[in-house]
Amino acid sequence: MSDKFIKPFFLIAALYDGVLGIAFILAPASIFAMFAVEPPNHMAYVQFPALLLILFAIMFYRIAVDPLRNRDLILYGCGLKVSYCSVAFWYELTTGVPSMWMPWAWIDLIFLVLFIISWKSLGKQSAAAADSRPRV
């Protein structure tokens, strides 16, 4: 996988998480109403994770700017996606979860797979670059 894919891909990841985060900061009640889901008893339960999404969006932007240099940050993005997917899919399989959460879980699963592929590809690029350096 080349930088021609990785850079725009992480820019898309930044926009995706950033837009979701901003939406849940600015209009959480409207989002819950749109899906006919009862909101939690306090919006802080929604807005704190939304702020975390914005932080991850900033991190994904940094990866997009220089993927090879910021390769190690991709693993934190994998952690985010594993965390969300595992919770959403677990509850979907056991006790159920409002359907509004599941499209994001499937999208995050796709992001997770592509994050792992990107991380591995950048590792190969890094190793190839190290092998091509002149030895002293």
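Since every read-out is calculated from the coordinates, none of them should be taken as a lab result. The shown structure was predicted, so the numbers you read here are calculated from the model rather than taken from an experiment. Note that we place each Cβ from the backbone using ideal geometry, even for glycine, and neighbour counts take in every protein chain shown.
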Taking R0 as 35 Å, what FRET efficiency do you get between residue 2 and residue 92 from their Cβ-Cβ distance, rounded to the nearest 0.05? 0.50
Once the in-chain neighbours fewer than 8 apart are removed, the aspartates and glutamates whose Cα is under 19 Å from residue 120 read 3, 66, 72, 108, 131
Local electrostatic count, residue 67, Cβ distance below 13 Å [Lys/Arg +1, Asp/Glu -1]: +4
Can I get the semi-axes of the chain's equivalent ellipsoid? Compute them from the C-alpha gyration tensor as square roots of 5 times the eigenvalues, in angstrom, largest first. 34, 16, 11
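Filter the DSSP H helices in the chain by two things, a Kyte-Doolittle mean of at least 1.0 and an axial alpha-carbon span of 24 angstrom or more, and list the hits by number.
On the way: long enough: 3-26 (33 Å, 1.48); 44-65 (32 Å, 1.93); 71-93 (33 Å, 0.66); 102-132 (45 Å, 0.89).
Answer set is 3-26, 44-65.
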If you stretched the chain out fully between residue 72 and residue 42, how much longer would it get, using 0.36 nm times the residue separation minus the C-alpha to C-alpha distance? 7.3 nm
Between 123, 21, 77, find the one with the highest GNM mean-square fluctuation for the chain; connect C-alpha pairs within less than 10 Å. 123
Extension length gain for residue 65 and residue 128 (0.36 nm per residue less Cα distance), in nm, is 20.6 nm
